[in-house]
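Taking it in order: structure first as structure tokens, then the write-up.
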Amino acid sequence: MICYYFPPLQDVGARRSIAFAKYLRRHSWNCRVVSVKNPDKNYCSLGKEEPPEGVQTEYSKSILNLSGIIGNLDAIVLRILKIAGIVPKFRLFYNLICIPDLFIGWIPLTVLKCLRLFKKTNFDIIYVSCSPFSSALIGIALKAFTKKTLAIDFRDPFTINTPLNQGLLKSRIKINRMFESYFIKKADIFIVNTDDTKEAYETEFPHSRNKIFAIHNGFDADYKIDKNNREKFEKFTIIYSGDFYFYSQPFIDPFFAGCKLLKTKETINRYNFQFLFYGDGAYKINELSARYGVQDLVSSHQRVPYENLLISLSKSHLQLLRIVKGFLSTKLFEGIPLNVPFLATIPHGEAERIIKEFSPGSYIVTEEKPDVVAQAITDAMQAYKINGIPDNLIDRFLSRFSRENLTLKLIDIMEAKLNTLDTLKV
């Protein structure tokens, strides 16, 4: 398993790989992980979590972390162009150098590390978790040397239906698409994490349909779940963790604008309501809430251990869900098994369908209208007062989205591919 994001990194991108490694081992697969020894701290957050028990984990160094260097170079160009009255719409050095991404420095020594491991142990599958998308090049190189089966897992799409293309030159987007096509061509198994994304890739790459699979992120049911727990914060609490997205966009933020409406009407105040935030962008949340005059309703904090986050989530009344179009946030899979309904300000799509199926007490707002958000919060506060919030369908949800069951799906896919290849050899 080639996983840049893995403990002690505590970024959300690690959770999927952690679960796969743990449950692969539980179901009798000998699994070894290779991760980064010196992660780029501009993009990653180090914690104290250990790899799953019994999972052998090796670390290789990145010969160069580019984000600081590239950021400084692009900042110099930006200052020069601003003096000339020009505001660039793209980052010059990022577009020219970081192909396919900022993490190319991790490729050389990781390939060498993995080849040494292959000499010691005969593996059947090379699994690569992307992003970073440069990790796919590691897997492709290893496949070329070892002739082993390659599974590439895109936790998020690279160029299809994604806003990650913003700030890129058209020529760079074309190069990224060439890389993406190359990755899919070389992979024996290509995994994405939503049904919508699977459909998009099948449409774009119809000749590869038989190798494209969807495995959702899910929830690790090994975390203790007390479905009957009704302990909530004294204040009505809406919680959010991770990247809030769109901090500085010029348009009106419907959530904070909705809170402002309720504060103006004196429906909520700092004594009966709080927005609880955990994440690296806590200072941005403070700035955003001050912009709307609701900073007294906000309690923002830096990252906390995942177990602590789940405790706070279980004690909250609503979980705010915001997603980037084309992506399916891992937060979608945390609130449902903890029996917390959503306030989901999301576009129509797969997230909406999942919430409607498993969380009947949730509030879905597909229009960016503050008054609709405000009404949803008001309704939820009144429903909680009379115990009128229906429970989430936890057992049905976990039967489909538990991390263990999703890993079993991965195992079925890999075993089917290995059996097919064995038959072809015969």
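The values are calculated or read from the model by the stated rules, or taken from the named source; none is laboratory data. What you see is a predicted model, and the numbers here were worked out from it, not measured in a lab. Cβ: placed from backbone, ideal geometry, glycine included. Neighbour counts: every protein chain shown.
Residues in the range 171-199 that are farther than 15 Å from I413 by Cβ and among the β-branched types (V, I, T): I173, I175, I184, T194, T197. Evaluation of E334 against the conditions (1) of a type in the set (D, E); (2) farther than 15 Å from G242 by Cβ; (3) touching a Leu at 6+ places or on another chain (Cβ under 7 Å) shows that the sole unmet condition is (2). Within the range 305-340, track down each residue that is within 17 Å of the chain's Cα centre (by Cα), among the hydrophobic types (A, V, I, L, M, F, W, C) and within 15 Å of Y278 (Cβ to Cβ). Across the range 305-340, the qualifying residues are L309, L310, L320, L321.
How about the range 373-396: which of its residues are under 27 Å from the mean Cα position of the chain (by Cα) and under 29 Å from D253 (Cβ atoms)?
So the first thing to find is which residues in the range 373-396 are under 27 Å from the mean Cα position of the chain (by Cα), and the list is 373, 376-377, 391-396.
V373, A376, I377, N392 - these are the residues of the range 373-396 that are under 27 Å from the mean Cα position of the chain (by Cα) and under 29 Å from D253 (Cβ atoms).
Could you go through the range 122-131 and let me know if any residue there is among the charged types (D, E, K, R) and either within 26 Å of M178 (Cβ to Cβ) or without any contact (Cβ under 8 Å) to a residue 60 or more places away in the chain (or both). No, the conditions are met nowhere in the range 122-131.
Looking at (1) more than 26 Å from P157 (Cα to Cα); (2) surrounded by fewer than 17 Cβ atoms within 10 Å (Cβ to Cβ); (3) touching a residue at least 12 places away in the same chain (Cβ under 8 Å), which one does S28 not meet, given that it meets all the others? (3) is the only condition that S28 fails.
Take I411 and tell me if it is part of a helix (DSSP H, G or I), more than 27 Å from D220 (Cα to Cα) and either under 26 Å from the mean Cα position of the chain (by Cα) or not assigned by TED's automatic domain parsing to the domain that holds T149 (or both). Steps first, answer last, please.
Numbers: part of a helix (DSSP H, G or I): yes; more than 27 Å from D220 (Cα to Cα): no; either under 26 Å from the mean Cα position of the chain (by Cα) or not assigned by TED's automatic domain parsing to the domain that holds T149 (or both): yes.
Criteria not met by I411.
Results for (1) of a type in the set (A, V, I, L, M, F, W, C); (2) at pLDDT 95 or above; (3) closer than 19 Å to R403 by Cβ; (4) surrounded by 24 or more Cβ atoms within 10 Å (Cβ to Cβ), shown as yes or no for each residue.
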residue: H317; (1), (2), (3), (4): no, yes, no, no
residue: R322; (1), (2), (3), (4): no, no, no, no
residue: T330; (1), (2), (3), (4): no, no, yes, no
residue: F358; (1), (2), (3), (4): yes, yes, yes, no
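Residue count for the range 40-79, restricted to those that are surrounded by 13 or more Cβ atoms within 10 Å (Cβ to Cβ) and outside any loop (DSSP other than H, G, I, E, B): 13. With the condition kept exactly as written, say whether any residue in the range 338-349 is under 30 Å from N30 (Cα atoms), surrounded by fewer than 15 Cβ atoms within 10 Å (Cβ to Cβ) and either outside the structural domain of F256 (by TED's automatic domain parsing) or free of Cβ contacts under 8 Å to residues at least 40 places away in the same chain (or both). No, there is no match, as no residue in the range 338-349 is under 30 Å from N30 (Cα atoms), surrounded by fewer than 15 Cβ atoms within 10 Å (Cβ to Cβ) and either outside the structural domain of F256 (by TED's automatic domain parsing) or free of Cβ contacts under 8 Å to residues at least 40 places away in the same chain (or both). A search for C-beta distances below 8 Å between a residue of the range 58-87 that is over 23 Å from P108 (Cβ atoms) and any residue that is charged (D, E, K, R), counting only pairs 6+ apart in sequence or on different chains, returns D74/R91. The set of residues in the range 165-187 that are in contact with a helix residue (DSSP H, G or I) (Cβ under 6 Å, 6 or more places away or on another chain) and surrounded by 19 or more Cβ atoms within 10 Å (Cβ to Cβ) comprises R172, F183, I184. Among the conditions (1) within 30 Å of E415 (Cα to Cα); (2) buried (at least 19 other Cβ atoms within 10 Å of the Cβ), R116 misses just one, which is (2).
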